[in-house]
Structures are given as C-alpha cells and as structure tokens.
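The values are calculated or read from the model by the stated rules, or taken from the named source; none is laboratory data. Keep in mind that what you see is a predicted model, and the values were worked out from it rather than measured. Cβ sites come from the backbone with ideal geometry, for glycine too, and all protein chains shown count toward neighbours.
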C-alpha cells in the first residue's frame, strides 16, 4: 500500500481488467471502509484507544475479505461493513451516534448499487437499529429512493427490521461531547472537532477526552463480477439543529455508485452537498477523462476548500483502483482485496 504524502491516502491501482461490469480475472475484488475524518492527532491518542480503532477496522475488513473471496455481491459486502460499523460505539453511526441540540439522535444512511443505479436512503430516523438496513429496504421494497423521519422508521419496522428505544443509541461520552459543544463559542461542531473541544475542557477523570474519536462511516466495494456499490451512515453533527440533514443520505453528495466508480464521503456535510462531491468524482472521470486518483484529489484538495469543506472520501473504480484521502488531520480508514491482508490507517503520515 503506497501513500501519497499530500493526502496520506493509501492507494492501490490494480492491473487492467475487463470492461466495467464484466468479470475480470486480473483484478481482485476489493473493499474500502472509513470511520470519519477530522482532527485526529497521534499526540492525543492513547495507545489503548488507537489499538481499539485499528483492531475494529481490521476485523471488519477481514470479514469483508471472506465475503469477497466467496463471491458475494458488492452491495451485500458494502452494507454489511457499514452495519458492523453502526454496531461499534467507536464511530458516529448507529450505537454511539451524536446528540442533537435537544438531546436526541437523528440518524441518516444511504446505499447505491452501481450497475443498476438503484438506491435507497433514510434521514432523521430515531428507532431503527441499523439505518443502513433501512436504506436498503427503501431501495428494494418501497418504490421510492428516500424516506424520512417517523415514516421511515415505520416503514423499516414493516420490513421486520429491529426496533430500539431512542435512548439505545446514546453513550455517556457522546452526552459529554454535547455539553462541551453547547458551551463552546461555535456551538455546532463536527464529531472530531467536538472531541478536541472536550479534551480542552476535560479533567483526567472526565468521561470524554481527545483520546475518544468518532466519525461518519462508509464502505465502497468492487466485487468479483466487476460490480460496484457504496454505503454511508451517520449520526450527524454534535449539537445540530433538530431536522438537519447532511450529505450522508444524499445520493451524489455523500454517497454514489455507478458502473465506473463508487464513493463514500465524510466531513462537513453542507459543503459536500453544495459540491455534489461524490457525483463530482464520477463526472470528472466520465466527462473529463480523469483517472480515479486525479478526480479524487481535485475534489478533496481543490474544490472542497472553495466551499469550506473539510473531510475526505473513499472510492473504488471499475478496474479495482482504490483511493482513500482527506484534507483534515486524519481519517479512520482501511482496505482489503480478496485473498489479501487488511491495511488500516488513521493519521496523515500513513
């Protein structure tokens, strides 16, 4: 896994295979995941906490590798990886989601199948355990692309998805993060920056400090048949206004897949929406003829800063190329190909 110094973005470019959507023996199936981007500093991360993040990412990737090796479809692999990330309190999606200003949890998710461009999304759900599964149910059973709020929860339960009490998503660390954000001058903050504020205010005995990091989650996949898929899920921004929706459930903004590329984004959602960042990657490849790396670098390092965008993205193309990059201090991330060993990164210099 080679690194690009300016982005700390692990990248792998496979040899040329068949046409998009067709089987290719030369290119192995691949999975990439992220757990959010933001102010993640090695100097503020305890060894125990860093090991926990790396172990969780590696475990999810290893299980995804087994799915890829047995020929599972890209959409199935992407959704399962995100579901696993939703179940882990280390990340801001599902269990461990951040609090809104009125001390609630409003979760968003989306999924997209590249070959067919079928897609589903939910926004502002509060009771379905795994929003990414609800997004898939919307895609497969609703006849629509997006459902929101209580109606999305109700639909998910009609599809026999697991129901939880709203308080199930919360953790003491997230509540402490909300308190610090409410006391800060800026008020609404990204998860990772909220952790920085918490560190500044925390005592050694406090439940939250800089060593505990969280983030939006996502996965992109190219399977053995050359099919691409993407999935993204989030709890949003700490202290956000109730009803606020970011880029994660917005197709073309925080999540997108077609026959050419699959993308999942993380960061300041409003900026990613203004830029239609995930779709911009595909447009640069399709219309401008740019390769994956050039398209991703342009969006993350040139276009996003123009609209105040901080964060990163992961992407995989139809030839098995992978790009994981960010314009912040760090991003929880990793990738694996069928038959390979998971590669995991957190900081800029990895």
Open item on the list: residue 149 - would you say it is in contact with a strand residue (DSSP E or B) (Cβ under 6 Å, 6 or more places away or on another chain), surrounded by fewer than 23 Cβ atoms within 10 Å (Cβ to Cβ) and on the phi > 0 side of the Ramachandran plot?
Closed with: yes
Task: Considering residues of the range 296-319 that are within 21 Å of residue 236 (Cα to Cα) and assigned to a loop (DSSP other than H, G, I, E, B) only, the residue modelled with the highest pLDDT - done: 307
Open item on the list: I'd like to check something: does the range 122-142 contain any residue that is assigned to a helix (DSSP H, G or I), more than 23 Å from residue 89 (Cα to Cα) and in contact with a strand residue (DSSP E or B) (Cβ under 6 Å, 6 or more places away or on another chain)?
Closed with: yes
TODO: Would you confirm whether any residue within the range 320-337 is out of contact with any strand residue (DSSP E or B) (no Cβ under 8 Å at 6 or more places or on another chain), part of a loop (DSSP other than H, G, I, E, B) and either surrounded by fewer than 17 Cβ atoms within 10 Å (Cβ to Cβ) or touching a residue at least 24 places away in the same chain (Cβ under 8 Å) (or both)?
DONE: no
- [ ] Return yes or no: is residue 272 in contact with a strand residue (DSSP E or B) (Cβ under 8 Å, 6 or more places away or on another chain) and more than 28 Å from residue 62 (Cβ to Cβ)?
- [x] yes
- [ ] Name, by its number, the condition in (1) in contact (Cβ under 8 Å) with a residue 40 or more places away in the chain; (2) surrounded by 22 or more Cβ atoms within 10 Å (Cβ to Cβ); (3) over 23 Å from residue 122 (Cβ atoms) that does not hold for residue 295.
- [x] (1)
- [ ] Report the residue count in the range 219-244 for those that are part of a loop (DSSP other than H, G, I, E, B) and closer than 15 Å to residue 266 by Cβ.
- [x] 3
